[in-house]
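Chemist: Mind looking over this structure? Questions follow.
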Amino acid sequence: MKKDFKIITRKLAKTYDLREMDFPPLIRDPLDSLVGVILSQNSTDKVTIPIFRFLKSSYSYEELSRLNPSVLEKIIRPCGLAPSKSKRIIKILRKLKQENEKVSLDFLKDYSKEDAFNYLTSLEGIGPKSAAVILSFGFGQPFFPVDTHIYRVLKRIGFAKEKESRIKVQENCEKLIPDSLKHDLHLLLIMHGRKTCKPSNPRCGSCPIFNECNWKFKKKFLTT
Ligand code: SF4
C-alpha cells in the first residue's frame with residue numbers, strides 16, 4: 001500500500017534523536033561497514049561495538065587479513081558464530097588483497113550501483129541486507145537495508161504485505177522511497193521498531209505514526 005514517507009519521516013524525526021544511533025549503520029568507511037555487518041549478524045550492538053572498536057584499535061585491515069582465523073575467532077567469540085564469522089572476514093580481506101593488491105573496497109566506487117551490489121552479494125556471508133548497509137553507509141549510495149525491525153514496522157503500517165519476503169520489501173523500498181529520505185528514514189524506523197513498535201506489546205498509544213498505521217490490532221495496544 002502506498003505511504004507518504006515524507007510525512008512518516010517528519011513525524012519520526014520529531015520523536016527520535018538520530019544521534020542516539022551508534023554502530024553499525026553510522027560508520028562511514030566501506031571496510032568498517034563490511035566487517036561491522038558480519039560481526040553484528042545475529043548479535044546485538046551492545047556486544048558487537050566494543051569488539052569492533054578493539055579490532056580497529058589493534059589491527060589494520062592488512063594485518064587482519066594475515067591473521068590466523070583461529071586468533072580472530074577467539075577475539076570475536078562474544079559476538080556469536082565466531083568460527084564462521086572469523087573465517088568469512090579473513091577470507092574476504094584476503095580476496096580483496098589478492099584482487100586489488102590492497103585490502104580495500106574503494107574499487108567499488110567505479111562500479112554501477114547494481115554491479116557493486118552484485119559484487120558484494122557474491123561474497124560469502126554478505127546477503128542483500130548486508131550489501132545494502134555497506135553501500136548505504138560505507139559509500140553513501142541510496143540503498144534501503146530492511147532489517148528485522150523495519151520489516152515488522154513496514155508490515156504493520158501496511159506498506160508491505162504480511163507474506164512478502166524481506167528482500168522483496170527491500171526492493172520495493174528502494175524503488176518507492178525517495179533517495180533523499182532513505183538514509184534518515186532507515187535509521188528512524190530502526191529506532192521506532194526498537195523503542196515503540198516492539199515485536200510484542202507495541203506502544204501504539206504513544207506512536208508518532210499512529211494515523212499512518214493500518215495495523216488492525218493497534219487499538220488494543222493504546223495503553224501499553
Ligand atoms: S500504531 Fe502501533 S503497530 Fe502501528 S506503527 Fe505505531 S506502534 Fe507500530
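The values are calculated or read from the model by the stated rules, or taken from the named source; none is laboratory data. Since the structure is predicted, the reported quantities are computational estimates derived from the model, not experimental observations. Virtual Cβ from ideal backbone geometry, glycine too; neighbours counted across all protein chains shown.
Chemist: Among the residues of the stretch 120-130, is any in a helix (DSSP H, G or I) and modelled with pLDDT of 95 or more?
Modeler: Within the stretch 120-130, one or more residues are in a helix (DSSP H, G or I) and modelled with pLDDT of 95 or more.
Chemist: Would you say S60 is over 17 Å from E124 (Cα atoms) and either assigned by TED's automatic domain parsing to the domain that holds N42 or surrounded by fewer than 16 Cβ atoms within 10 Å (Cβ to Cβ) (or both)?
Modeler: It is true that S60 is over 17 Å from E124 (Cα atoms) and either assigned by TED's automatic domain parsing to the domain that holds N42 or surrounded by fewer than 16 Cβ atoms within 10 Å (Cβ to Cβ) (or both).
Table: residues versus (1) buried (at least 19 other Cβ atoms within 10 Å of the Cβ); (2) within 16 Å of E171 (Cα to Cα).
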site: F107; (1), (2): no, no
site: F117; (1), (2): yes, yes
site: G138; (1), (2): yes, no
site: P145; (1), (2): yes, yes
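Chemist: So, one more: Being of a type outside the set (A, V, I, L, M, F, W, C) and within 13 Å of the ligand (Cβ to nearest atom) is true for just one of P202, P178. Which residue is that?
Modeler: After applying the criteria, what remains is P202.
Chemist: Residue under question is K220, and the condition is that it be at pLDDT below 95 and in a loop (DSSP other than H, G, I, E, B); does it hold?
Modeler: no
Chemist: Check off (1) surrounded by 13 or more Cβ atoms within 10 Å (Cβ to Cβ); (2) near the ligand (Cβ under 9 Å from one of its atoms) for E171 and give me the number that stays unchecked.
Modeler: (2)
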